[in-house]
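The values are calculated or read from the model by the stated rules, or taken from the named source; none is laboratory data. Being a predicted model, the structure only gives us computed values, none of them experimental. Counting neighbours? That spans all protein chains shown, and the Cβs are built from the backbone with ideal geometry, glycine included.
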Amino acid sequence: MAKKDKLTDVSVKIGAALGKADKRARKFLAAGDIAKEELQEISRQVEQLKKQLAKTTERLKKALQ
């Protein structure tokens, strides 16, 4: 009977370790998703600024002519 208790203890420890590893992996995945969304938002903002700069450049050229 003692062997079953040891096996049970070991299996509980293994299960806990797997659960902790899974939890940490999920956190990293969530952080990666957030970073990806932020990068996409920054890219959109850069594109908007490029368009705004192009419009301003055109207006300045017309004003100087």
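Consider only pairs whose beta carbons are under 7 Å apart and that are at least six residues apart or on different chains; among these, list those whose first residue lies in the stretch 16-45 and is in contact (Cβ under 8 Å) with a residue 40 or more places away in the chain and of a type in the set (Lys, Arg) and whose second residue is surrounded by 10 or more Cβ atoms within 10 Å (Cβ to Cβ) and in a helix (DSSP H, G or I).
No pair meets every condition.
Looking at Asp22, Asp5, which one is acidic (Asp, Glu) and either within 20 Å of the chain's Cα centre (by Cα) or at pLDDT 95 or above (or both)?
Of Asp22, Asp5, the one residue that is acidic (Asp, Glu) and either within 20 Å of the chain's Cα centre (by Cα) or at pLDDT 95 or above (or both) is Asp22.
Before we move on, is Ala63 free of Cβ contacts under 8 Å to residues at least 12 places away in the same chain and surrounded by fewer than 10 Cβ atoms within 10 Å (Cβ to Cβ)?
Spelling it out, Ala63 is indeed free of Cβ contacts under 8 Å to residues at least 12 places away in the same chain and surrounded by fewer than 10 Cβ atoms within 10 Å (Cβ to Cβ).
Please work out if Lys20 is exposed (fewer than 10 other Cβ atoms within 10 Å of the Cβ) and not aromatic (Phe, Trp, Tyr). Talk me through it step by step, then tell me what you get.
Working: exposed (fewer than 10 other Cβ atoms within 10 Å of the Cβ): no; not aromatic (Phe, Trp, Tyr): yes.
So Lys20 does not fit the description; no.
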